[in-house]
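Working notes for the structure below.
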2 protein chains.
Amino acid sequence: MDAIAMLADPWPFRVAWPAAMQGRGREGDGVEDEARLAALIGRIEPLDEGVMASVRARQRRLLKPPGSLGRLEELSILLGGITRRVRPALARAAVVVAAGDHGVTAEGVSAYPAAVTPRMVEAVLAGGAAISVLARQAGARVRVVDVGVAAPVAPHAALWSARVRPGTANMALGPAMTRAEALAALLVGAEVVAAEVAAGVDVLLAGELGIGNTTAAAALTSALTGAAPAVTAGPGTGLDPAGVRHKAAVIERALAANRPDPADPLGVLAAVGGLEIACLVGLILAGAAARVPVVLDGYITGAAALVAAGLAPPVRPALIAGHRSAEGGHRLVLEALGLRPLVDLDLRLGEGTGAVLALAVLRAAVATLTEMASFEEAGVAGPL
Amino acid sequence: MDAIAMLADPWPFRVAWPAAMQGRGREGDGVEDEARLAALIGRIEPLDEGVMASVRARQRRLLKPPGSLGRLEELSILLGGITRRVRPALARAAVVVAAGDHGVTAEGVSAYPAAVTPRMVEAVLAGGAAISVLARQAGARVRVVDVGVAAPVAPHAALWSARVRPGTANMALGPAMTRAEALAALLVGAEVVAAEVAAGVDVLLAGELGIGNTTAAAALTSALTGAAPAVTAGPGTGLDPAGVRHKAAVIERALAANRPDPADPLGVLAAVGGLEIACLVGLILAGAAARVPVVLDGYITGAAALVAAGLAPPVRPALIAGHRSAEGGHRLVLEALGLRPLVDLDLRLGEGTGAVLALAVLRAAVATLTEMASFEEAGVAGPL
């Protein structure tokens, strides 16, 4: 274990997470929670066009042929519009890894046993998982939110315990959870964002853990885009072609059993989603409301973004796709959201690994915007 | 100028660059230099298959579904094969920006005047150019090699002055330089690598500066791949469509005037290349000989890699493409070399910007390889 460092915050937050978070469950309260969601959505505003125009004007003066920094320039403009800052800062980054289990694993849809979820939560917190390593390298802190792991997880200072229920029900037989439970899990995500914002976070990186959750992501994508499960289901952690066909058949059964209505994104989320996916929906909405950029990871966070954009269309222009997953259904999600990912490296791990790799690109966009000299400052002649 | 920091080394090298480098020119010596090139090529060995097998085996034990880190896994294996280290290190990175001028600018092939080259060299050294900013962010040091700028450049501790001649001749009328000059500029690149290796560098990032050098890159690509100038010529720093057509016609004239033989890469380089491109050929060959990874940037460094692979085919498997340039001809170079870039962000600036962005991906590959826990260490069950 010599190569495994402990998980430690790379930079001091202004305040710690609420001590009360430890071991606190969260019960759904349908009526009050519906009002909380409506209030959250109401706080999401459009991108700031004035700041975007200022950033665009600055880009034109910088020491380079106009447009030659390509997507870095576009990103700097978007980040200005999200944060309302002409010089956005991305120093304080937090990866939020939402974790939950899936009853549908009873149907044999994953290459790994469900018991892996709590052990992976502990591995992330111990510092030896891929996301732990990549976050450490990027100077980002990691927070895990247990919103619905089925088995006990060892306490940890970086673990937010807000288990709504111990894993979802088997969606092949009926709803994965109640509407109130989906809403409660969503609001956990919003509470996490509120705590991180109070602690001074500049950028949120969305991650997830949950054996079986590519099945939920595929079911959500089918329900919300109309694509057939044969297209949205992929190998996940490593199914063979027969396994993928079985997974698609299970999703067909789940859609037939639940008949989710795409006009009711919260209903779709409850029927065929997951607790950690609901938490990510809340993270995305609350990030947008707080004007903190949220970087998506792959297929699962993308499915959460589909739900979030369904609940609150103004969230869409603020979405940032971290990477293109090797899981084929992710392409449909990206097309539906009009997103082009920043990183394309055939990853299919999740955890937030693609989001944290994209952080380097976002920081490059901000650094060139804020630190480059202008033609005038450098005394260099412009175009002929 | 408040946003412009001075260029400073982010990490201490074991030894400084040779003090004698300042103001030293380099005269070509045909016969001795041919022998030096042959010796350099002779030192290039194949990738180390044994180390690659060890890295591959370690990747299989790490806490993730096999292959789920995609290209990060492939890269970690390649870096093992290049460096002969099961745990490669990439901490000490140096961007080498080769600079030179091009006589063909007399034909009006660039959107900017040739006088910009020395000013851009100074801007890079002053810390305000895009590459200065991105290298600072990545913790890489920057070295500029003046191998053929036409006008005087202010001295600087990070400038290697080894001007072979003050810019090339106009390739539309005859050879850009003599074979001895091309060889001399190539060997400057090898000398720079030797100095950097002695100083403890772990990874070299190839960059360039030189108004007119996309014309040279396009001419080299046409000469070496057979593609028409209409395909290899692009807008460069910002030509309009009529300007691009004119540039292609100038390249046609250069090819007709020189009739370069693709079986003689050094002859092609001398006829239609550039001094900074020749320097980059030497950098690529010497990096491979020293088993130090060299990360290519865009079109110009790619054209240099085409020449290097022509001179020494064993260099090819060790090439790492940093990014995919928005300049269309770069695609032909990547196809000819069998390379897939790590970053694809519509950049078309050069300077090494795409290479330094790719450094984050290379470091992520090494960090996951060397710091992740294994399934066994984390006590997590494997696949069902």
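The values are calculated or read from the model by the stated rules, or taken from the named source; none is laboratory data. Note that the coordinates shown come from a computational prediction; the quantities given were computed from them, not determined experimentally. When we count neighbours, we look across all protein chains shown, and the Cβ atoms used for this are built from the backbone with ideal geometry, even at glycine. SASA here: full protein model, heavy atoms, side chains in, ligands and nucleic acids out. Shrake-Rupley method; radii C 1.70, N 1.55, O 1.52, S 1.80 Å.
Distances in nm, one decimal, shortest first, from B:Arg87 to the same residue in every other copy, taking the label point 7 angstrom along Cα→Cβ.
Listed shortest first, these distances are 4.0 nm.
Once you average over the residues of B:227-240, how many Cβ atoms of partner chains fall within 10 Å of each Cβ?
Partner Cβ neighbours, averaged per residue: 1.
Rounded, prolate or oblate for chain A? Axes are the square roots of the Cα gyration tensor eigenvalues, ordered a ≥ b ≥ c, and the cut-off for rounded is a/c under 1.5.
Numbers: a/c = 1.68, a/b = 1.53, b/c = 1.10.
Taking the square roots of the gyration eigenvalues as a ≥ b ≥ c, chain A is prolate.
Considering only C-alpha atoms, what is the centroid distance from the range A:27-104 to the range A:267-286, in Å?
Taking the Cα centre of each part, the range A:27-104 and the range A:267-286 sit 19 Å apart.
Through the Karplus equation 6.51 cos²θ - 1.76 cosθ + 1.60, θ set to phi - 60°, convert the phi angles of the range B:96-113 into ³J(HN,Hα) values in whole Hz; use x for Gly and Pro.
Residue by residue, the range B:96-113 yields 10, 9, 7, 10, x, 9, 10, x, 5, 4, 4, 8, x, 9, 10, 6, 10, x Hz.
Separation of the range B:191-205 and the range B:342-371 by C-alpha centroid, Å?
About 19 Å separates the Cα centre of the range B:191-205 from the one of the range B:342-371.
Rounded to the nearest 5, what is the percent of antiparallel bridges among the DSSP beta bridges in the protein assembly as shown?
Bridges in the protein assembly as shown are about 5 percent antiparallel.
Give me a single rounded figure for B:103-116: the average over its residues of other chain Cβ atoms within 10 Å of their Cβ. Don't jump to the answer; show the numbers that get you there.
On the way: counts 0, 0, 0, 0, 0, 1, 0, 2, 5, 6, 4, 0, 2, 6.
Mean partner shielding for this stretch: 2.
Between A:Glu335 and the same site in the other copies, what are the distances in nm, shortest first, taking label points 7 Å from Cα along the C-beta direction?
Its label point is 2.5 nm from the equivalent points in the other copies.
List the distances, in nm and shortest first, from the label point of A:Arg245 to the matching label points in every other copy, placing each point 7 Å from Cα along the Cα-to-Cβ direction.
5.6
Taking a ≥ b ≥ c as the square roots of the eigenvalues of the Cα gyration tensor of the range B:268-329, is the shape rounded (a/c under 1.5), prolate (a/b larger than b/c) or oblate?
Details: a/c = 1.78, a/b = 1.13, b/c = 1.57.
Cα axes put the range B:268-329 in the oblate bin.
In straight Cα distance, which lysines are under 25 Å from A:Lys247, not counting same-chain residues fewer than 8 positions off?
B:Lys64
Between the range B:305-324 and the range B:117-143, what is the separation of their alpha carbon centroids in Å?
Answer, in whole Å: 25.
With the Cα gyration tensor of the range A:218-342 giving a ≥ b ≥ c as the square roots of its eigenvalues, does the rule (a/c under 1.5 for rounded; else a/b larger than b/c for prolate; else oblate) give rounded, prolate or oblate?
The shape class here is oblate.
Return the chain B residue and its Cβ-to-axis distance, rounded to the nearest Å, for the rotation relating B to A.
That would be B:Ala360, 2, residue then distance in Å.
Averaged across A:346-358, how many Cβ atoms of other chains sit within 10 Å of each residue's Cβ atom?
Averaged over the peptide's residues, the number is 4.
Heavy atoms only, probe 1.4 angstrom, no DNA, RNA or ligands counted: give me B:His102, B:His156 ranked by accessible area, highest first.
Accessible-area ranking of B:His102, B:His156, largest first: B:His156, B:His102.
Hey, what do the phi angles of the range A:43-60 turn into as Karplus ³J(HN,Hα) couplings, whole Hz, using 6.51/-1.76/1.60 and θ = phi - 60°, x for Gly and Pro?
7, 7, 10, x, 4, 7, 5, x, 5, 4, 5, 5, 5, 4, 5, 5, 4, 5
What residue among A:Leu62, A:Leu362, A:Leu187 shows peak mean-square fluctuation when chain A is described by a Gaussian network model with Cα springs under 10 Å?
Largest GNM mean-square fluctuation: A:Leu62.
Would you kindly derive the ³J(HN,Hα) couplings of the range A:199-211 from the backbone phi angles with the Karplus curve 6.51 cos²θ - 1.76 cosθ + 1.60 (θ = phi - 60°), listing them in order in whole Hz, with x for Gly and Pro?
Taking θ as phi minus 60°, the curve returns 7, x, 5, 9, 8, 10, 10, 8, x, 7, 9, x, 4 Hz for the range A:199-211.
As a test of the formula, what do you get for chain A when each DSSP H run with n ≥ 4 contributes -39,500 (n - 2.57) and the sum is divided by the residue count, at 222 nm and rounded to the nearest 500 deg cm²/dmol?
-15000 deg cm²/dmol
How far, in nm, would the chain grow between B:Leu384 and B:Ala53 when pulled straight, counting 0.36 nm per residue and subtracting the alpha carbon separation?
Separation in residues times 0.36 nm, less the Cα-Cα distance, equals 116.6 nm.
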